[in-house]
Amino acid sequence: MAAATAVSLAAPGGGAALPRAGAGACALASGALTPDDLPAGSSVLDCAAVGRLVTHAGAGVTVPEPGMTVSVDALTEDGSLHGFTLAVAADGTVSYDLTDTGAHAAAPDHAHAGAGAPGRARAACADDAYATADHKEYDTYEWFLGDGALPANLAPDDARRAFEGAIGTITAGRNDCGLGDAVTAKARFLSRTANEADIDRDAHCMPRDGMSVWDAGDLSAGVVATTCSWSRAVSGGPDELREADVRFNIGDHAFTDRLTDTCSRTYDVRSVATHEAGHVFGLAHVGRGHESQTMFTNSFACSTTARTLGRGDVLGLRALY
């Protein structure tokens with residue numbers, strides 16, 4: 001099945017030659033950069049760009065060391081796309097994946113599932129659309145729970161159970177479509193930690209600390225939750241996941257683990273957590289027309305439907321695992 005892969009942006013036509021590894025130093029302005037400031041094909045070594053922030057369309061990542069890739073995926077209130085991938089080859093060369101969500105969706109019987117018509121979403125078990133990023137967990141995803149505030153004011157043990165259940169939905173491919181568990185992904189909770197998810201208040205990916213942390217804090221107002229993933233290239237296959245952090249935005253959004261009939265503008269913790277766990281294990285967003293899938297580009301308030309995977313979600317996981 002088709003999967004989304006990194007796309008290297010071409011140099012602007014008619015412009016000066018891009019700085020490349022070994023071509024000599026280049027100068028970067030201070031402050032946040034954009035893909036135009038650090039274009040694909042340039043060298044993070046020549047440009048001294050490792051550790052610099054690159055922003056695009058409301059999302060941001062910190063340039064990693066050579067040989068690493070970083071991806072940011074924001075689950076937004078309005079379904080707008082806030083995410084991209086920046087890869088640094090072993091020689092320091094930069095490439096980006098800035099592809100729109102709709103272009104990722106793929107299905108076994110056609111090249112692209114397509115965005116679909118607004119308001120014409122297929123039923124969860126009749127929709128085979130999925131999207132994959134270029135990374136997977138080859139061993140066991142080992143994660144920590146932050147020791148600060150948690151969504152829905154959950155006690156640590158309750159938050160752990162909610163997150164474990166959501167992660168388990170991904171690793172077991174849980175669904176109501178009659179599709180058996182053929183997913184080989186694994187995960188293990190380790191402990192609580194004073195370390196925080198490497199995600200700042202603007203939902204940007206900061207330098208990684210080597211620990212995969214799930215926590216809560218304040219993010220950009222329109223963002224419900226964000227996942228930052230770091231991976232290393234593997235010959236002949238998707239990148240190997242090295243760390244993935246998840247943060248819920250409790251500064252601007254309310255969460256609950258028990259929805260009631262009087263729910264209003266409140267997000268189900270387990271639905272959001274299942275979506276974010278999908279990103280951890282290599283699933284990407286699908287767009288309009290696929291609202292019934294857990295990996296739809298936004299999460300619906302006062303709904304628990306994303307707790308269970310749709311057919312496309314499961315097919316995406318099977319394509320990776």
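Summary of values
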{"read-out": "Filter result for residue 299 (part of a loop (DSSP other than H, G, I, E, B), of a type in the set (S, T, N, Q) and under 17 Å from residue 167 (Cβ atoms))", "value": "yes"}
{"read-out": "Members of the stretch 180-195 found to be part of a loop (DSSP other than H, G, I, E, B), of a type in the set (Gly, Ala, Ser) and within 27 Å of residue 318 (Cβ to Cβ), listed by number", "value": "180, 182, 185"}
{"read-out": "All positions within the stretch 31-54 that are of a type in the set (Val, Ile, Thr) and surrounded by fewer than 19 Cβ atoms within 10 Å (Cβ to Cβ)", "value": "34, 50"}
{"read-out": "Residue among 152, 166 that alone is in contact with a Ser or Thr (Cβ under 8 Å, 6 or more places away or on another chain), in contact (Cβ under 8 Å) with a residue 60 or more places away in the chain, farther than 20 Å from residue 293 by Cα and assigned to a helix (DSSP H, G or I)", "value": "152"}
{"read-out": "Number of the exception - residue 258 against (1) part of a loop (DSSP other than H, G, I, E, B); (2) surrounded by 23 or more Cβ atoms within 10 Å (Cβ to Cβ); (3) out of contact with any strand residue (DSSP E or B) (no Cβ under 6 Å at 6 or more places or on another chain)", "value": "(2)"}
{"read-out": "Where residue 313 falls short, out of the listed (1) assigned to a strand (DSSP E or B); (2) among the acidic types (Asp, Glu); (3) surrounded by 24 or more Cβ atoms within 10 Å (Cβ to Cβ)", "value": "(1)"}
{"read-out": "Positions within the stretch 257-269 being under 22 Å from the mean Cα position of the chain (by Cα) and not charged (D, E, K, R), in sequence order", "value": "266, 267, 269"}
{"read-out": "Residue that is modelled with pLDDT under 95, of a type in the set (Lys, Arg) and either on the phi < 0 side of the Ramachandran plot or within 18 Å of the chain's Cα centre (by Cα) (or both), where the choices are 188, 208, 122", "value": "122"}
{"read-out": "Long-range neighbours under 7 Å by Cβ, at least six apart or interchain, first residue within 14 Å of residue 165 (Cα to Cα) and surrounded by 24 or more Cβ atoms within 10 Å (Cβ to Cβ) within the stretch 273-288, second basic (Lys, Arg) and at pLDDT 95 or above", "value": "274/307"}
{"read-out": "Verdict on residue 166 being at pLDDT 95 or above, of a type in the set (A, V, I, L, M, F, W, C), in contact with a His (Cβ under 9 Å, 6 or more places away or on another chain) and surrounded by 15 or more Cβ atoms within 10 Å (Cβ to Cβ)", "value": "yes"}
{"read-out": "Where a residue in the stretch 304-320 is without any contact (Cβ under 8 Å) to a residue 40 or more places away in the chain and its partner, wherever it lies, is crowded, with 19+ Cβ neighbours inside 10 Å and β-branched (Val, Ile, Thr), with Cβ under 6 Å and at least six apart", "value": "306/274; 306/294"}
{"read-out": "Hits in the stretch 262-321 - residues which are modelled with pLDDT of 95 or more and on the phi > 0 side of the Ramachandran plot", "value": "282, 302"}
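The values are calculated or read from the model by the stated rules, or taken from the named source; none is laboratory data. Small disclaimer: the values here were computed from a predicted structure and weren't measured. Note that we place each Cβ from the backbone using ideal geometry, even for glycine, and neighbour counts take in every protein chain shown.
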